[in-house]
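**Student:** Dropping a structure here in structure tokens format, bear with me for questions.
The values are calculated or read from the model by the stated rules, or taken from the named source; none is laboratory data. Given the structure is predicted, the values throughout are model-derived calculations rather than measurements. Ideal geometry is used to build each Cβ from the backbone, glycine not excepted, and the neighbour counts take in all protein chains shown.
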Amino acid sequence: MPILTEAQPFSRPIHDALAAGVDTLGQSQTVTFVPYVRTALPIDGFVFWVNAALLSEPDAALAGLTTRAPVVVPGSLHYASQGSQVEDETIVVRRVDFTAEQPIRAFAEVAPTVIYVGTWATQMGQFRFTFSARGAYYEEAGTSHYVGDAVYPAFEAQLIDQPGDFSDRQVVSNSMPAWLSMLKFPLFPSDICHVPQLQLYPAYLVPDNLLPAYGAVEISDTRALQAFPTIGPRSEHTQLCADRVRLTLYGLRNDEALDLLDYSLTYFEYADTLGLMNTPAVYDDHRHQIELAAIAMKKTVDFEVSYLQSRMREIARTYISKAIPSFYPTDFADYRATQPPYFPWGNSL
């Protein structure tokens, strides 16, 4: 996407000639782009994009938007279509290429929590799209090429255009709520166990261009340890399950990563939320960038944990209601003597 200095309108001979060509090729087309604001469910980190028109002006400004209004951009749009058939869907993938006569200033101003989604109508119906790349920018020419795929059908539900389209109910079916809550609401005072100052995100949902330190939680191989689920009196489904969990950590030194592991082990022992099924260790991972001839401060910890699905729902409901107590035991002996221990999400299974 352009930077602000590139997005300043200007006129030069080569640009004016190219812009005239774009006008002729596109027959003076315009595309309307609607701003959407990133919203992540705190209970499991699942990401939705909410139409900025549904937000108040202060909320939109907090997300980095100067206006909630759509942006109309002149240019030339063309797309290529290719059928795709896999085991779970058959779709047409549309690759969109949009040439704008001027760099789109709104794209340069937005924060990482905002995207602009365009709509294009064809004889076969309309589709929505957004961009993932911009072609090489030649300042003398002044035109910009934006490239991206149309929104896949499976992701249409992630774009929220009506209040009724959104629900704060838990999406994921694994132990993610426990991992995201583990550091947000520490169970132990600092004299018992050092609380790492770190934000954890679900894998593939880390915010754009986030600077370390942070961690990503990747959960795979969810499986049942209990042959049949238990159905409660109100048809509540629960089952004893297990996950393989990988924490990928950026920006931590050795002692900080070990503090995180120590805190996690203490959490497993006393929080009555996750059971530990392996012997985890912190190990250095390698990610390099040839331009710097250096490797990143990247560390990884692999866990195998067990949990009850009902416990994950209790944690999720706690986030929704924001019923987080502010009191924690001040003495470790008192804490160990508490039977049963008191935690923010309750004690019942």
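**Student:** Six or more apart or on different chains, Cβ atoms under 9 Å: show the pairs whose first residue is in the stretch 103-124 and farther than 29 Å from VAL92 by Cβ and whose second is modelled with pLDDT of 80 or more and polar (S, T, N, Q).
**Tutor:** Every condition considered, the pairs that remain are GLU109/THR66; PRO112/ASN209; THR113/THR39.
**Student:** At least 2 residues that are of a type in the set (Gly, Ala, Ser) and exposed (fewer than 14 other Cβ atoms within 10 Å of the Cβ) in each: list the strands (runs of 3 or more DSSP E) lying fully within the stretch 188-285 that qualify.
**Tutor:** Output list reads 214-224.
**Student:** Looking at the stretch 68-125, which of the residues that are closer than 26 Å to PRO207 by Cβ and either charged (D, E, K, R) or outside the structural domain of ASN51 (by TED's automatic domain parsing) (or both) is farthest from the chain's Cα centre (by Cα)?
**Tutor:** ARG105
**Student:** Further question: Can you tell me which residues in the stretch 143-174 are modelled with pLDDT under 90 and touching a Lys or Arg at 6+ places or on another chain (Cβ under 9 Å)?
**Tutor:** Matches in the stretch 143-174: SER144, HIS145, TYR146, VAL147, GLY148, GLN170.
**Student:** Right, here's the next one. Do we have ARG336 as in a helix (DSSP H, G or I), more than 24 Å from LEU210 (Cα to Cα) and either more than 24 Å from the chain's Cα centre (by Cα) or at pLDDT 95 or above (or both) here? Please lay out each step first, then the result.
**Tutor:** Working: in a helix (DSSP H, G or I): yes; more than 24 Å from LEU210 (Cα to Cα): yes; either more than 24 Å from the chain's Cα centre (by Cα) or at pLDDT 95 or above (or both): yes.
When the stated conditions are applied, ARG336 passes them.
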